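Student: Quick one: structure below, then a few questions.
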Amino acid sequence: MQTGSPQETEALAADLAARLQPGDVVTVSGELGTGKTTFVRGACAALGVREQVTSPTYTIGHRYHGQHAAVSHLDLYRFQGVSAAEWGDLEPYFDDAIAFVEWPEAGTGVLPPPRYAVELKHVAEDSREVRITEC
Ligand code: ADP
Ligand code: MG
């Protein structure tokens, strides 16, 4: 599926959000600037998160209050892998929450298995290829 604006990517994310429940993990992959955080922002808005959703690149993550469920947003950009000690810090984000994980590669095999995998690719200035796979 191709989107032609950040708003269209947010709308796709809102469609996916309607299918999620606490405990679900959604990985969001793609190069820098492809729209991972934009996608998560759209999903959070649809889930009733009122706080501003910003990139957690310099923190492990954020945990927000959605209307019906907690919503977590993690970014593993700076991780090489996830050690047992690091998993101790990450685990609370997944506990009874819908969790979105940017740069999930470092957490493969350690994070709970995802329910959906979202992959974003740069097509042109304002267009992106967005692929959503049910895992
Ligand atoms: P990432 O988290 O992947 O690094 P961001 O969501 O932070 O990416 O940034 C994506 C940038 O690309 C934003 O400036 C956004 O406005 C812009 N953009 C342009 N077109 C699109 C689109 N179709 N979908 C998502 N973002 C887009
Ligand atoms: Mg980002």
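Just so it is clear, none of the values below were taken in a lab; they were calculated from the coordinates. Everything quoted here is computed from the prediction, not taken from an experiment. Neighbour counts are summed over all protein chains in view; Cβ atoms, including those assigned to glycine, are modelled from backbone coordinates with ideal geometry.
Student: Give me, ordered by chain and number, the residues 5 or more places off Glu102 or on other chains with an amide H under 5 Å from its own placed amide H.
Tutor: Sorted by chain and number, the residues that satisfy this are Val28, Leu74, Asp75, Leu76.
Student: Note the angle between two axes, namely the Cα long axis of helix 6-17 and the longest principal axis of the Cα atoms of the chain, as a number of degrees from 0 to 90, rounded to the nearest 10.
Tutor: 50 degrees
Student: Next up: 7 Å from Cα along Cα→Cβ at both Gln21 and Gln7: what's the point-to-point distance in nm?
Tutor: It works out to 3.3 nm between the two label points.
Student: Follow-up. Which angle from 0 to 90°, rounded to the nearest 10, does the C-alpha axis of helix 84-94 make with the longest principal axis of the chain?
Tutor: Roughly 50 degrees between the two axes.
Student: If you don't mind, there's one more thing I want to ask. Please report Rg (one decimal) and Dmax (integer) in Å for the Cα set of region 88-135.
Tutor: Taking only Cα atoms of region 88-135, I get Rg and Dmax of 13.2, 39 Å.
Student: Then there's this: With no solvent and one equal point scatterer per Cα, compute the Debye intensity ratio I(q)/I(0) for the chain at 0.11, 0.12, 0.17 Å⁻¹ and report its log10, rounded to two decimals.
Tutor: The Debye formula, applied to the Cα set alone, gives -0.34, -0.40, -0.83.
Student: Sorting check: for 46-56, 80-90, which peptide has the highest mean count of neighbouring beta carbons within 10 Å, and how do the rest follow?
Tutor: Highest mean packing first, the order is 46-56, 80-90.
Student: In a GNM of the chain with a 10 Å cut-off on Cα contacts, which of Ala124, Ala45, Ala11 has the highest mean-square fluctuation?
Tutor: Ala124
Student: How tilted is helix 36-46 with respect to the longest principal axis of the chain? Cα atoms for both, answer in degrees (0 to 90, nearest 10).
Tutor: 90 degrees
Student: Another one. For region 35-93, I need the span (max minus min coordinate) of the C-alpha atoms along each principal axis, in Å, sorted largest to smallest.
Tutor: Here the Cα extents, ordered largest to smallest, are 33, 24, 13 Å.
Student: Below 8 Å between Cα atoms, with a sequence gap of 6+, how large is the relative contact order for region 31-125 in percent?
Tutor: Over region 31-125, the number comes to 28 percent.
Student: Still on this model: What 222 nm value per residue comes from the helices of the chain, counting each DSSP H run with n ≥ 4 as -39,500 (n - 2.57) and dividing by all residues, nearest 500 deg cm²/dmol?
Tutor: One gets -7500 deg cm²/dmol as the mean residue ellipticity at 222 nm.
Student: Using the beta-carbon distance between Gln67 and Glu134 and R0 = 22 Å, what value does 1/(1 + (r/R0)^6) give for FRET efficiency, to the nearest 0.05?
Tutor: 0.40
Student: Okay, moving on. At 7 Å along Cα-to-Cβ for each site, give me the label-to-label distance between Ile60 and Glu91 in nm.
Tutor: So the two model labels end up 1.1 nm from each other.
Student: Quick check: the distance between the Cα centres of region 99-135 and region 1-63, to the nearest angstrom?
Tutor: 10 Å
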